[in-house]
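This report concerns only the one structure given below.
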Amino acid sequence: MSDSLRHRGPDSAGGLLRPGRVGLGFRRLSIIDLETGDQPISNEAGTVHVTCNGEIYNFRELRGRLVDSGHVFSTRSDTEVIVHLYEELGPSFVDELEGMFAVALWDDRAERLVLARDRLGVKPLYWAPLEQGLLYASEPRGIIASGLVDPRPDLQALARYLTLQYVPSPASGFAGIRKLAPGERLVYSQGRAQVERYWSLEFSPRQIGLEDAVTELDQLLADATRKRLVADVPLGAFLSGGVDSSVVVSYMAEAATDVKTFSIDFEEDAFSENEHAQRVAARFGTDHRSETLSPDILELVDRVVEFAGEPFADSSAVPTMLLSGFTRENVTVALSGDGGDEAFAGYRRYVLSTAADRMGIARPAARLLARIVRGRVGRLGDTDVARAIDAAARTPDDRYAKLMSHFDPAELSCLCTPEFLSESGGVDAWAEDLKPPERLNGVNRYLALDTATYLPGDLLVKLDRMSMAHALEVRSPLLDYRVFEFAASLPAGLKLRRGGTKVLLKELARRRGVPSSVVDRRKQGFGMPVGAWMRGPLRGWVRDLLLGDEMRGRGWFVPARVERLVAEHVDEGRNHTARLWNLAMLESWNRHFCDR
């Protein structure tokens, strides 16, 4: 099990074995305390043992407090504070931690295992209940390597994946393997596993003006960045040329010297952000380097499938895999701008959804227009414009679900065979995973939903799995839970205003000197021209995967429907990029993990 995760920690291996009781395995990526920080780490009496994937950013403050209480430390590692906090607080130790972490702690005396995942889900934690006990690991492959869980597909999870492009917690894509949700801990004792939530994001807007909000956010991000610069190895930063990564680089350049930044470029102008990244790098004096992604990506795609572990269809994982490998050649830790869109409302879909909420009286006209558009483009072949019109014609709940879906329930009923629909239980991800919380209104409804689902299920899976495939640790100041709590306390007008997104964060960016051409440009996103490539150099690959005997033999999809999707995209110029990539990644995952 430990060896299967060597890529996450190539520097050393550690373990604790209590035959018939517990085994803790660990692979280390050395970041802090290179000499004495190997894990597991135990308390003074040798009765509490911990392993931790990630970083505890407030370990210095915690350590000082614990030393004052009489605890004796044997390392300089950030992880050691956990065992001493457990001695003081029991399983509630996790409430005191600031950071990104997946923790496994064993208490010899109580014969109790505690698993915990950080508040926003930056680090992953999977587990599998067995008759004789429980398995856990940072990735599904660690559990599969035990030989105690067969890698069989969970069709209920796959039905959700087809809609969402990822598998939401607590499922994993594999029958019998689960994952803790962000902000959850699991306590296993006397043969029973109890999962409980220790943190959730609460939205409670307060009265605060722009000036005070800028000041408060500036202090938060300066502190969050400073804490993420603690390391005994070289650091750098991802720099896309967008607002979020540019703001992070501005703080990093202020707190450190000789800052190295890295980005991915494309030959296609519509996807290239290199000009903007270069402009930010020049503004803050960083040593900037970029790598160009070409259409020859099949080897990268295979690695994405292998290291994602779960079915995963965010195509931006491919450039992220390349960026991570390129960055790891130069540094061991990289800061990123992830989290800014979900905290401060950075997506255009927030503008569309909230505007349509206010225009409910016009919904009948929108429904008529949607019927006309659907009649022209076909049920499974809509364009981005058709999706937007169709979404505007729906109820608020269904509208956002439509904007977030690869396949909606009606489309799945046409695409999937009766056997698949029966075995999957006809799961409706719209009702179960994409329904915004009713207790909230305005943009907060959608921010809360994305923070609970899209952020940990998609973006953070991509960030963790693609970077750790290269043993690169990525830290994001914007994913500090205090930043998210602050953002959740803001009035809506500091997030969206007159069709503009990320009002407060953009204002802070301007004041920190981020070029106006970066702050004011339309959000581009970190995508790649995979739709065009599937009509060109990837055409044969798509056909072989989706129209071959292996996929047909699974009996999950109606062959004629799949053939129609491929033909419409490849031969007729219709846009089915997301759907075809979704199906291709699912078939690749099956071949890599389940057909062996």
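Candidate cross-link partners of Lys435 among the lysines, defined by an alpha-carbon separation under 24 Å and a same-chain spacing of 8 or more, comprise Lys179, Lys402, Lys462, Lys495, Lys502. Of all DSSP beta bridges confined to the chain, the antiparallel ones make up roughly 75%.
With 21 Å as the cut-off, how large is the P(r) tail for the range 90-217, expressed as percent of Cα-Cα pairs? Walk me through the numbers on the way to the answer.
Numbers: 4074 of 8128 pairs.
Counting every Cα pair in the range 90-217, those more than 21 Å apart make up 50 percent.
Sorted from longest to shortest, the spans of the Cα atoms of the range 209-307 along the three principal axes equal 48, 34, 26 Å.
Can you classify the range 134-203 as rounded, prolate or oblate using the Cα gyration tensor, where a ≥ b ≥ c are the square roots of its eigenvalues, rounded means a/c under 1.5, and otherwise it's prolate if a/b beats b/c and oblate if not? It comes out oblate by the Cα gyration axes. Here the ratio of the Cα radius of gyration of the range 453-517 to 2.2 N^0.38 Å is 1.39.
What does the net charge come to around Glu35 if you take all other residues with beta carbon closer than 11 Å to its beta carbon, with K and R at +1 and D and E at -1? Every neighbour counted, the sum reads -2.
How charged is the neighbourhood of Arg552? Take every other residue with its Cβ under 15 Å from the Cβ of Arg552, and add Lys/Arg as +1 and Asp/Glu as -1.
Net of charged neighbours comes to -2.
Global size of the range 536-585: 10.2, 28 Å for Rg and Dmax (C-alpha atoms, Rg to one decimal, Dmax whole).
At 1.4 Å probe size, with every protein chain present, just tell me what the per residue accessible area of the range 384-530 comes to in Å².
Working: 4850 Å² over 147 residues.
Heavy-atom SASA per residue in the range 384-530 reads 33 Å².
With the simple model of a label 7 Å out from the Cα in the direction of the Cβ, Asp68 to Leu229 spans 2.6 nm.
Maximal additional length on extending the Arg511-Arg18 stretch stands at 171.9 nm, based on 0.36 nm per residue less the C-alpha distance. Tell me, how many Å apart are the Cα centres for the range 418-454 and for the range 289-353? The range 418-454 and the range 289-353 have Cα centres separated by 24 Å.
Any idea what the dipole of the chain comes to, in debye rounded to 20, about its Cα centre with Lys/Arg Cβ at +1 and Asp/Glu Cβ at -1? Don't jump to the answer; show the numbers that get you there.
On the way: 75 positive and 85 negative charges, 351 e Å.
Rounded to the nearest 20 debye, it is 1680 debye.
Highest mean packing first, where packing is the average number of other Cβ atoms within 10 Å per residue, the peptides 474-481, 460-467, 209-216 line up as 474-481, 460-467, 209-216. Computed with a 1.4 Å probe over protein heavy atoms only, the accessible surface of the range 1-155 comes to 39 Å² per residue. Among the DSSP helices (H) of the chain, those spanning at least 24 angstrom by Cα along their long axis with an average Kyte-Doolittle hydropathy of -0.5 or more are 210-227; this is a geometric and hydropathy rule only. A crude spin-label estimate for the pair Thr75 and Ala256, with each label 7 Å from Cα along the Cβ direction, gives 2.2 nm. Residues in the range 255-361 average 39 Å² of solvent-accessible surface per residue, probe 1.4 Å, ligands and nucleic acids excluded. Dividing the Cα radius of gyration of the chain by 2.2 N^0.38 Å, with N the residue count, gives 0.95.
Across the options His71, Leu17, Leu546, the greatest Cα extent toward the positive end of the charge dipole of the chain (unit charges at beta carbon of Lys, Arg, Asp, Glu) belongs to Leu546. Overall, the accessible surface of the range 87-178 at a probe of 1.4 angstrom is composed of carbon and sulfur to the extent of 41 percent. Per-residue extension of 0.36 nm, minus the Cα-Cα distance of Thr47 and Arg543, leaves a gain of 172.8 nm for this segment. Cα gyration tensor of the range 277-355, axes a ≥ b ≥ c as square roots of the eigenvalues: rounded (a/c below 1.5), prolate (a/b > b/c) or oblate? Verdict is oblate for the range 277-355. Would you mind classifying the range 410-526 by shape? Square roots of the alpha carbon gyration tensor eigenvalues, ordered a ≥ b ≥ c; an a/c under 1.5 is rounded, otherwise it is prolate if a/b is larger than b/c and oblate if not. Taking the square roots of the gyration eigenvalues as a ≥ b ≥ c, the range 410-526 is prolate.
Mean residue ellipticity, 222 nm, helices only, the chain: the sum of -39500 (n - 2.57) across DSSP H runs of n ≥ 4, divided by residue count and rounded to 500, is -12000 deg cm²/dmol. The peptide list 222-235, 63-76, put in order of mean Cβ contacts within 10 Å with the highest first, becomes 222-235, 63-76.
Which peptide among 545-553, 307-315, 46-54 comes first, and what is the full order, when sorted by highest mean count of other Cβ atoms within 10 Å?
Working: 545-553: 13.9, 307-315: 25.4, 46-54: 21.4.
Averaged packing, sorted descending, gives the order 307-315, 46-54, 545-553.
Charge tally around Asp287: other residues with Cβ under 12 Å, Lys/Arg +1 each, Asp/Glu -1 each, net +1. Length gained on full extension, Ala431 to Arg535, computed as 0.36 nm times the residue gap minus the Cα-Cα distance: 34.0 nm.
The values are calculated or read from the model by the stated rules, or taken from the named source; none is laboratory data. What you see is a predicted model; the values in this text were computed from it and never measured. Cβ: placed from backbone, ideal geometry, glycine included. Neighbour counts: every protein chain shown. Side chains are part of the model used for accessible areas, which takes the heavy atoms of the whole protein and leaves out ligands, DNA and RNA. Shrake-Rupley method; radii C 1.70, N 1.55, O 1.52, S 1.80 Å.
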